[in-house]
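Below is one structure, written out as structure tokens; the observations come after it.
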Amino acid sequence: MHTMDAPVSALVSDQHLFGPADPAQRRFLAWLRDLDAARLFVLGDLFDFYWEEPTPKQEPVVAALERFKGELVILPGNHDFALGRRLGRFAVPSWRGELAGVDTLLVHGDEADRSLGYRALKAVVRSPGVRAAGRLTGAAGWFGARASSVSRVHGVRPGLLEAQRAWAAQQDAARVVMGHSHQQTMEPSFVVLGTDTWLRARETLEFRRL
């Protein structure tokens, strides 16, 4: 039986942070500093592009995540799938468990993205050859950064939210929570996090602004 003393879980996705000059990064760091939660789930694309280890601009965020006193779970996104040593120890491809009293599956959300261009780009960037070359030459980081800029230009894609909803309906969890589409919805069995919000889960789910 749940009580009002049930632990708080915070969920955030798709902030696409790119450095100290980014107002979103400053808001995120202030929010994280004051966050009172037992668990923090990052559902991917926290950074605009992240490859293996943090750049100096990303270091304040990585250090703040490492200082979080609760349980930290990171689901890699399509902009930050190569999390490396420091953040990789918190990473899982998906998470399933009880959230606000409901059997819940957490994913980034690009599992439902079946567009040909995206699937082709994902296959290339995540290929072993590109990743190996990236470690030696930085080529994968350069390629990924270019892909990131293309993603920002295209923005919200028509039909993606509907594809995510259909994908979620095929899962056997009572509720699916994801990001990726840069849209927001809260339905009984399907939740998508917006780019400027976080989800507070205790007895119920509630969107709050960062």
Margin query: Looking only at residues that are part of a helix (DSSP H, G or I) and hydrophobic (A, V, I, L, M, F, W, C) in the stretch 161-176, which one is most open to solvent (accessible area, probe 1.4 Å)?
Written below: ALA169
Next item on the list: Residue by residue through the stretch 4-56, note down the ones that are surrounded by fewer than 23 Cβ atoms within 10 Å (Cβ to Cβ) and hydroxyl-bearing (Ser, Thr, Tyr).
Entry: THR55
Notebook entry, point to check: Quick check: is even one residue across the stretch 177-200 in contact with a Ser or Thr (Cβ under 7 Å, 6 or more places away or on another chain), open to solvent by less than 60 Å² (accessible area, probe 1.4 Å), at pLDDT 85 or above and of a type in the set (Lys, Arg)?
Noted result: no
Note to self: Taking the criterion of being closer than 19 Å to ARG208 by Cα and open to solvent by less than 40 Å² (accessible area, probe 1.4 Å), would at least one residue in the stretch 73-95 satisfy it?
What the structure shows: no
Note to self: Suppose the filter is more than 20 Å from ARG208 (Cβ to Cβ), among the small types (Gly, Ala, Ser) and over 15 Å from the mean Cα position of the chain (by Cα); does GLY70 pass it?
What the structure shows: no
Item checked: Selection status of ASP80, under 15 Å from the mean Cα position of the chain (by Cα) and touching a residue at least 40 places away in the same chain (Cβ under 8 Å) -> no
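Rundown of residues vs (1) in a loop (DSSP other than H, G, I, E, B); (2) over 21 Å from THR197 (Cα atoms), yes/no style:
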| site | (1), (2) |
| --- | --- |
| LEU11 | no, no |
| GLN15 | yes, no |
| PHE28 | no, no |
| TRP31 | no, no |
| ALA37 | yes, no |
| PRO56 | yes, yes |
| LEU65 | no, no |
| ASP80 | yes, no |
| ARG85 | no, yes |
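The values are calculated or read from the model by the stated rules, or taken from the named source; none is laboratory data. Here the structure is a predicted model, which means the values were calculated and not measured. Ideal geometry is used to build each Cβ from the backbone, glycine not excepted, and the neighbour counts take in all protein chains shown. Note: accessible area is taken over every heavy atom of the protein model, side chains too, but ligands, DNA and RNA are not part of it. Shrake-Rupley method; radii C 1.70, N 1.55, O 1.52, S 1.80 Å.
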